[in-house]
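The values are calculated or read from the model by the stated rules, or taken from the named source; none is laboratory data. Not measured: the values here are computed from a predicted model. Here Cβ is always computed from backbone atoms with ideal geometry, including for glycine, and neighbour counts include all displayed protein chains. Just so you know, the surface numbers come from the protein's heavy atoms only, side chains and all, with ligands and any DNA or RNA stripped out. Shrake-Rupley method; radii C 1.70, N 1.55, O 1.52, S 1.80 Å.
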Amino acid sequence: MDTSAFPAADCGPALAATSLLRFATAGSVDDGKSTLVGRLLHDSKSVLADQLEAVESASRSRGQDTPDLALLTDGLRAEREQGITIDVAYRYFATPRRRFILADTPGHVQYTRNMVTGASTAELAVVLVDARNGVVEQTRRHAAVAALLRVPHVVLAVNKMDLVDYDEDVFAGIAEEFTRYAASLGVPEITAIPISALVGDNVVAPSAHMDWYGGPTVLEHLETVAVTDDPSDDPARFPVQYVIRPQTPEHPDYRGYAGQIASGLLRVGQRVTVLPSGRTSTIEGLDVLGQSVDVAWAPQSVTVLLADELDISRGDMIVPSDAAVTASQDLTATVCHLHDTPLTPGARVLLKHTTRTVKAIVKEIPSRLTLDDLSQHPEPGRLVANDIGRVVLRTSEPLPVDAYADSRRTGSFVLIDPADGSTLTAGMAGHAFADAVRDAAGAESGREADDDGWDF
């Protein structure tokens, strides 16, 4: 397809000067993850003078002779006192070739939910390994989470190469073990880079100590990795956010449906279906930033005008009639539980999918996944914080949910506590991994009627 009509931000690596890459970092405790992020920001000239002065002052107060670059991302007091990462720290920086949103995620087992949050929108994950320790249990857990979230690109950064005398065999052994494991989970692309975050080897500038390595530095790879697919490859999905009806003398009959295209392309003249009602119409016009256009694509925000007056409101989804998804009240998904209150069968929750929020009941929890060895534990009875498992849900209204493997935007959802609005669980519709762990969902269990509006 000819992409000359698309703006630079949506055309991939050929026009990467204005493109945006979202990436997340993960690693075991003391693998040097925060130091890598700090080094990346520092050496790419992305640290303001007052930020660097604050880090230098904090480092001196801790008796360190050189700035501790990990302090650039470890912003919580508890993180600095313990020397660990707890919260997800987001950093925004740019080079002449690309803009970046970085999510520095925790490495501890008890903060797995934070990694899920940080990596849920990432197009690339950097997984750190201490060259002295090699691939450990937490490394495999991070690879599994990246595969679970369908992160398309994974970078294995073998850190602290200076402490193993920059030994090529050490790096090669770790890279081979990790690549074999990640590939078995269905990770499509894995790039291994030997680094020393403390001294800066292969982070921004090539290392003078590893002439045996001829690949890119971390920053070079981040700047050049292809992250944007051709939008015509995916079926269009347009969740309606707002109905525009000015009803003014200039626009007495204007009825537009505003929102952000989640995937694919929309064209004037295209036959579309509105879900979940199933009514059909034709796209009569597309407005982008107040200008009429013939075609619009993800992730643009647009206003869609239809040829027919249909009953459409926030939460409905406009899709091509020849590529519609089936709306259903029954949903089986892989979820990561985020809340301290356990998730149990029978729980009454709100389910938010794109712009639509409906009531739902947790019918079953068929299994819980152990990320250490990818084993399934049937009928766990509940999911506690950081648990990943399979759930069967019944919603009060049909939802047009794609498989997460087909669309990360329209295949994901969150479960919300109806009492206080807190987020309980992050969900991914369909199977967990591309080719690995698959479990039987089990038959639907019976449900009892009630009089609280939850009988559906």
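Here is how the numbers come out for the structure above:
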quantity: When residues of region 40-57 are limited to those that are at pLDDT below 75 and either within 17 Å of LEU198 (Cα to Cα) or touching a Pro at 6+ places or on another chain (Cβ under 7 Å) (or both), the one least open to solvent (accessible area, probe 1.4 Å); calculated: VAL55
quantity: Among (1) open to solvent by less than 20 Å² (accessible area, probe 1.4 Å); (2) under 24 Å from the mean Cα position of the chain (by Cα) - the single one SER301 does not satisfy; calculated: (1)
quantity: Candidates PRO239, PRO216 - the one that is open to solvent by less than 70 Å² (accessible area, probe 1.4 Å), more than 23 Å from ARG271 (Cβ to Cβ) and either touching a Cys at 6+ places or on another chain (Cβ under 7 Å) or not polar (S, T, N, Q) (or both); calculated: PRO216
quantity: Subset of region 246-271 that is within 28 Å of the chain's Cα centre (by Cα) and among the hydrophobic types (A, V, I, L, M, F, W, C) - its residue that is nearest to ASP330 (Cα to Cα); calculated: ALA262
quantity: Verdict on THR35 being touching a helix residue (DSSP H, G or I) at 6+ places or on another chain (Cβ under 8 Å), at pLDDT 75 or above and either hydrophobic (A, V, I, L, M, F, W, C) or assigned to a helix (DSSP H, G or I) (or both); calculated: yes
quantity: One residue from GLY186, GLY214, GLY200, GLY259 being of a type outside the set (Val, Ile, Thr) and farther than 30 Å from ARG132 by Cβ; calculated: GLY259
quantity: Residue that is least open to solvent (accessible area, probe 1.4 Å), among those in region 106-123 that are in a loop (DSSP other than H, G, I, E, B) and modelled with pLDDT of 85 or more; calculated: ALA122
quantity: Region 304-324 - residue that is in a loop (DSSP other than H, G, I, E, B) and of a type outside the set (D, E, K, R) and, of those, nearest to the chain's Cα centre (by Cα); calculated: GLY315
quantity: Scope region 189-213; condition open to solvent by 50 Å² or more (accessible area, probe 1.4 Å) and without any contact (Cβ under 8 Å) to a residue 60 or more places away in the chain; matching residues; calculated: GLU189, VAL199, PRO206, ALA208, HIS209, ASP211, TRP212
quantity: Complete set of residues in region 267-277 that are without any contact (Cβ under 8 Å) to a residue 40 or more places away in the chain, of a type outside the set (Val, Ile, Thr) and either touching a strand residue (DSSP E or B) at 6+ places or on another chain (Cβ under 9 Å) or open to solvent by less than 20 Å² (accessible area, probe 1.4 Å) (or both); calculated: ARG267, GLY269
quantity: Matching residues in region 277-298 - criterion: being within 16 Å of PRO320 (Cβ to Cβ) and over 26 Å from the mean Cα position of the chain (by Cα); calculated: SER277, GLY278, ARG279, THR280, SER281, THR282, ILE283, GLU284, LEU286, ASP294, VAL295
quantity: Test for VAL88: is it β-branched (Val, Ile, Thr), at pLDDT below 75 and surrounded by 16 or more Cβ atoms within 10 Å (Cβ to Cβ); calculated: yes
quantity: Residue count, region 335-361 (criterion: assigned to a strand (DSSP E or B) and buried (at least 23 other Cβ atoms within 10 Å of the Cβ)); calculated: 6
quantity: Residue in region 125-142 that is over 28 Å from GLN110 (Cβ atoms), outside any loop (DSSP other than H, G, I, E, B) and open to solvent by 50 Å² or more (accessible area, probe 1.4 Å) present; calculated: no
quantity: Pair list, Cβ under 9 Å, 6 or more apart: region 105-128 residue over 23 Å from LEU219 (Cα atoms), other residue basic (Lys, Arg); calculated: VAL109/ARG141; THR112/ARG141
quantity: Check on PRO216, closer than 30 Å to GLY38 by Cβ and free of Cβ contacts under 8 Å to residues at least 40 places away in the same chain; calculated: yes
quantity: Matching entry among TYR181, TYR166 (being in a loop (DSSP other than H, G, I, E, B) and at pLDDT 90 or above); calculated: TYR166
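For (1) under 26 Å from TYR181 (Cα atoms); (2) among the small types (Gly, Ala, Ser); (3) in contact with a His (Cβ under 8 Å, 6 or more places away or on another chain); (4) at pLDDT 95 or above, each residue gets a yes or a no:
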site: ARG356; (1), (2), (3), (4): no, no, no, yes
site: LYS363; (1), (2), (3), (4): no, no, no, yes
site: ASP372; (1), (2), (3), (4): yes, no, no, no
site: SER375; (1), (2), (3), (4): yes, yes, no, no
